[in-house]
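First comes the structure, then the notes that go with it.
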Amino acid sequence: MANDEPEKLLTHYVGGAWVAPLEPRHHTIVNPTDGTPAGTLVLGGPKDVDRAVAAAVAAWPAFAGWSRSERLDLLRGIRDETARRLGDLAAAISADIGAPMTMARTMQADAGVGHMDGFIAALERQPERETIPGDDVLVREPVGPAALITPWNWPVNQIVLKVGAALAAGCTAVLKPSEFAPRTSVLYMDILAAAGVPPGVVNMIQGDGETGAALSRHPQIAMISFTGSTRAGRDIMCAAAEGIRRVALELGGKSPNLVFADCGDALEARVRSSVAECFLNTGQSCDAPTRMLVERAIYEQVVEIAADAARNTRLGNPAEEGDHLGPIVNERQFRRVRDLIETGIEEGARLVAGGPEMPKGFNHGFWVRPTVFADVTPSMTLWREEVFGPVLAITPFETEADAIALGNDTVYGLAAYVQTGDPARAERVALALRAGAVHVNGQSMEYGTPFGGYRQSGIGREGGIWGIEEFQEIKTIHAP
Ligand code: NAD
């Protein structure tokens, strides 16, 4: 962690410099591991937002004129600097959100390199000019200064998916990261500066929802790329509607995981890895497989395997290496997760592992027991609401058609998961599920592939060429 970090947390990054706030409000940073105060963060007001947007607007004409090869060199420089600072990034993420060091480094921080590689490969392949029917010419241009608003749960992943795509397209930007992952964003601005991003091309305002709302209303912002809750996504769409400004939204999820009896000998391994995936990042992932739908013939067997997997999931100090889980990010989320576990019990779901009490040996901070409910029905809160904690809901199904209907019974559509030994069924079910990504038998996503959701999980896709296109306008030149 850099020594000047506490001072930087009291400033914003505008025009290539760390600047004192114009309208300071303060937020106490809390260590999720023990609940103690761990520093102070400044939250930006509308005047701070105006200053940052002015810097992005001023830098835009020159940056929009950069050639593709200049932008590619910039992206490669950021990628290399990110790889060099991977350990520091992992430490910042771990301190911010309580992610255990091993996953903070190998998954969270690593995404900063992987997604940038995805954008580099995509930009190398994207044609600069295309001839289209009528011998007309199609060119792509940057949409303009963009607002990038990110959540705390995968902080580097989400910042890089936006900053990388914006820079690849030739857009300047104002980033408003989450107030619950401030050290990570400070360090990422240092990485951008060290990699030679020109002053004003990427600016950062620390702040909360109020700051984000001021930024998303700003008339000089051409586009808003937002990742976070469906609630805030709705506010941002309304703010953008006034000026008919473009939005890209990555929102919540309640992703189904269909487990078929034809898994055969692989069943136990498939169920255990599904539970681990649901609990990864302490259940704080938008695409987590949180609703496990299980064919009736293997239902009780799967419930027992899942409960055993949960009971054997270790919690532990985020500063240590290992495959344990850390705490929940903050007190508000912690209370919400425990309330939802209590709601599950009150509504009659069968608690088979975990529960609302503090885990043994963890009396301070925001720790939750890895929890599994069986017999969750579509009328229950746990079926519908994103918990954002280590809580799995299990439900039986009778037929394949029944499983698909239950899987699609959600307002979301970010991801879906299928466990089956039959490739034809995998294909059939994957096509029938209404989600932006379907993972078969534990296959994970590669960097550079599209990520995003159907329905209330959002609008648009991030990653690779699809992410860059969100930040581009298409112009057709009709010339004789
Ligand atoms: P959140 O919506 O509370 O906050 C996200 C960001 O938006 C933060 O920077 C916050 O300060 C800002 N914000 C809050 N209200 C705003 C408003 N009205 N206008 C403008 N900005 C506002 O979400 P969170 O608690 O930080 O993150 C958890 C949520 O994010 C979950 O719902 C999760 O599913 C979702 N998420 C989605 C994806 C995805 O790619 N689909 C990825 C990660 C997280």
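List every residue pair whose Cβ atoms lie under 7 Å apart, where the two residues are 6 or more positions apart in sequence or sit on different chains, the first residue falls within segment 265-284 and is under 23 Å from R105 (Cβ atoms), and the second residue, located anywhere, is crowded, with 18+ Cβ neighbours inside 10 Å and modelled with pLDDT under 95. Listed pairs, sorted by first residue: none to list.
Only a single item in (1) away from the ligand (no atom under 14 Å from the Cβ); (2) in contact with a strand residue (DSSP E or B) (Cβ under 9 Å, 6 or more places away or on another chain); (3) farther than 30 Å from P32 by Cα is not met by A195, and it is number (2).
What number of residues within segment 273-306 satisfy the criterion of being closer than 30 Å to T230 by Cβ and either part of a strand (DSSP E or B) or away from the ligand (no atom under 16 Å from the Cβ) (or both)? Matching residues across segment 273-306 total 13.
For segment 223-255, filtered to residues that are assigned to a strand (DSSP E or B) and near the ligand (Cβ under 6 Å from one of its atoms), the residue that is nearest to W154 (Cα to Cα) is T227. Under the condition of being in contact with a helix residue (DSSP H, G or I) (Cβ under 6 Å, 6 or more places away or on another chain) and assigned to a loop (DSSP other than H, G, I, E, B), the residues counted in segment 464-480 number 1. Of the residues making up segment 449-464, just one is away from the ligand (no atom under 12 Å from the Cβ) and surrounded by 20 or more Cβ atoms within 10 Å (Cβ to Cβ), namely G464. Once segment 201-220 is narrowed to residues that are surrounded by 22 or more Cβ atoms within 10 Å (Cβ to Cβ) and away from the ligand (no atom under 12 Å from the Cβ), the residue that is nearest to V163 (Cα to Cα) is V202. Does R336 count as in the same structural domain as F362 (by TED's automatic domain parsing), surrounded by fewer than 18 Cβ atoms within 10 Å (Cβ to Cβ) and more than 29 Å from F397 (Cβ to Cβ)? No: the conditions fail for R336. Is it true that W367 is of a type in the set (A, V, I, L, M, F, W, C) and touching a Gly at 6+ places or on another chain (Cβ under 9 Å)? So W367 fits the description; yes. None of Q443, Q456 is among the polar types (S, T, N, Q) and outside any loop (DSSP other than H, G, I, E, B) except Q456. Filter segment 385-405 down to the residues that are assigned to a helix (DSSP H, G or I) and surrounded by 19 or more Cβ atoms within 10 Å (Cβ to Cβ) and list them by number. Across segment 385-405, the qualifying residues are A403, I404.
Is it true that some residue in segment 179-191 is in a helix (DSSP H, G or I), free of Cβ contacts under 8 Å to residues at least 40 places away in the same chain, touching a strand residue (DSSP E or B) at 6+ places or on another chain (Cβ under 8 Å) and more than 29 Å from T28 (Cα to Cα)? Among the residues of segment 179-191, not one is in a helix (DSSP H, G or I), free of Cβ contacts under 8 Å to residues at least 40 places away in the same chain, touching a strand residue (DSSP E or B) at 6+ places or on another chain (Cβ under 8 Å) and more than 29 Å from T28 (Cα to Cα), which makes the answer no.
The values are calculated or read from the model by the stated rules, or taken from the named source; none is laboratory data. Only a predicted model underlies this, so the values are computations on that prediction, with no experimental measurement involved. Heads up, the Cβs are rebuilt from the backbone with ideal geometry, glycines too, and the neighbour counts pull from every protein chain shown.
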